[in-house]
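Undergrad: One structure, as structure tokens, below. Some questions next.
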Amino acid sequence: SGILPSFFVGGVWFVYETVAAMRHGDFTQRIHADLKGELNDLKSNINLSFDRLAEAMGDIVNVATALKDGDMSRRVSGSYEGQLEMLKQAFNESTDSIGTAFSEVGAVMVALREGDFSKRMDTELKGELSQLQENANHSLGSLETAMTDIVRVATEQESGDLRGRVDGDYSGQLGVLK
């Protein structure tokens with residue numbers, strides 16, 4: 001009379017167990033019960049949703065692991081919808097920003113190694129990456145100015161003018177030059 005059919009209660013229980021597993025971070029569980037009608041539709045939709053979520057999470061974990069290992073070339077590449085697509089785009093944009101900053105630092109280091117003190121980081125960066133850029137560019141500017149000053153004095157001394165002095169006001173080890 002007021003009792004639900006056992007196939008309905010059993011079906012709801014399978015759905016409950018699977019959703020509870022997901023709530024605890026287990027995206028591997030699926031509903032395998034043989035259900036009928038609307039419960040079968042619910043089972044199919046839940047299983048498909050978990051499949052998409054597990055795929056997205058796996059894709060993101062793979063890229064995050066590559067980043068941790070220093071591989072800036074990997075991106076989340078799956079085709080997603082809604083908030084999963086937004087997560088993919090945000091993650092890839094973050095990876096791009098970090099990769100750009102590392103590329104810029106690398107280019108500056110190569111220029112320094114080759115004796116070019118004029119190279120700067122010039123790509124627009126945000127947040128802490130922007131602070132890194134600002135600090136690096138300021139340091140490079142100070143180094144370039146000091147090296148120009150040192151070269152000027154060395155050139156003057158080489159030509160016999162011993163009156164040349166380092167004029168700049170430098171701090172740290174560069175300040176010892178004065």
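The values are calculated or read from the model by the stated rules, or taken from the named source; none is laboratory data. All of these numbers come straight from a predicted model, not from anything done at the bench. For neighbour counting, all protein chains shown are included, and Cβ atoms are generated from backbone atoms with ideal geometry for every residue, glycine included. Calculation scope for accessible area: heavy atoms of the full protein, side chains included, ligands and nucleic acids excluded. Shrake-Rupley method; radii C 1.70, N 1.55, O 1.52, S 1.80 Å.
Undergrad: Filter region 27-56 down to residues that are of a type in the set (A, V, I, L, M, F, W, C), farther than 22 Å from residue 86 by Cα and either open to solvent by 50 Å² or more (accessible area, probe 1.4 Å) or modelled with pLDDT of 90 or more (or both), then give me how many there are.
TA: 1
Undergrad: Of the conditions (1) open to solvent by less than 80 Å² (accessible area, probe 1.4 Å); (2) over 27 Å from residue 75 (Cα atoms), residue 101 fails just one. Which one is it?
TA: All conditions are met except number (2).
Undergrad: Is it the case that some residue within region 36-48 is assigned to a helix (DSSP H, G or I) and within 30 Å of residue 121 (Cβ to Cβ)?
TA: Looking for residues that are assigned to a helix (DSSP H, G or I) and within 30 Å of residue 121 (Cβ to Cβ), one finds none in region 36-48, hence no.
Undergrad: So which residues in region 80-98 are among the charged types (D, E, K, R) and open to solvent by 50 Å² or more (accessible area, probe 1.4 Å), if there are any at all?
TA: Within region 80-98, 81, 93, 96 qualify.
Undergrad: One residue is enough: does region 121-142 have a residue meeting the conditions touching a helix residue (DSSP H, G or I) at 6+ places or on another chain (Cβ under 9 Å), part of a helix (DSSP H, G or I), more than 26 Å from residue 96 (Cα to Cα) and without any contact (Cβ under 8 Å) to a residue 40 or more places away in the chain?
TA: yes
Undergrad: Condition first: under 29 Å from residue 82 (Cα atoms), open to solvent by 90 Å² or more (accessible area, probe 1.4 Å) and at pLDDT 85 or above. Can you find one or more residues in region 2-22 that meet it?
TA: No: zero hits.
Undergrad: Which one is most open to solvent (accessible area, probe 1.4 Å), of the residues in region 153-178 that are under 48 Å from the mean Cα position of the chain (by Cα) and among the hydrophobic types (A, V, I, L, M, F, W, C)?
TA: 176
Undergrad: Oh, and also: Given the conditions (1) open to solvent by 70 Å² or more (accessible area, probe 1.4 Å); (2) within 22 Å of residue 130 (Cβ to Cβ); (3) assigned to a helix (DSSP H, G or I), report the number of the one that residue 111 does not fulfil.
TA: Of the numbered conditions (1) open to solvent by 70 Å² or more (accessible area, probe 1.4 Å); (2) within 22 Å of residue 130 (Cβ to Cβ); (3) assigned to a helix (DSSP H, G or I), the odd one out for residue 111 is (1).
Undergrad: Still on this structure, I have one more. Every residue in region 143-169 that is assigned to a loop (DSSP other than H, G, I, E, B) and closer than 30 Å to residue 102 by Cβ, please.
TA: none
Undergrad: Can you work out which of the residues in region 57-79 that are open to solvent by less than 70 Å² (accessible area, probe 1.4 Å) and in a loop (DSSP other than H, G, I, E, B) is nearest to residue 90 (Cα to Cα)?
TA: Step by step, filter region 57-79, then rank; the result is 76.
Undergrad: If I go through region 115-147 residue by residue, how many of them are closer than 28 Å to residue 165 by Cβ and exposed (fewer than 13 other Cβ atoms within 10 Å of the Cβ)?
TA: Residues that pass the stated criteria total 5.
Undergrad: If you don't mind, there's one more thing I want to ask. Name the pairs: first residue in region 159-178 and at pLDDT 85 or above, second residue open to solvent by 100 Å² or more (accessible area, probe 1.4 Å), Cβ to Cβ under 6 Å, at least 6 apart or on different chains?
TA: Close Cβ pairs satisfying both conditions: 166/178.
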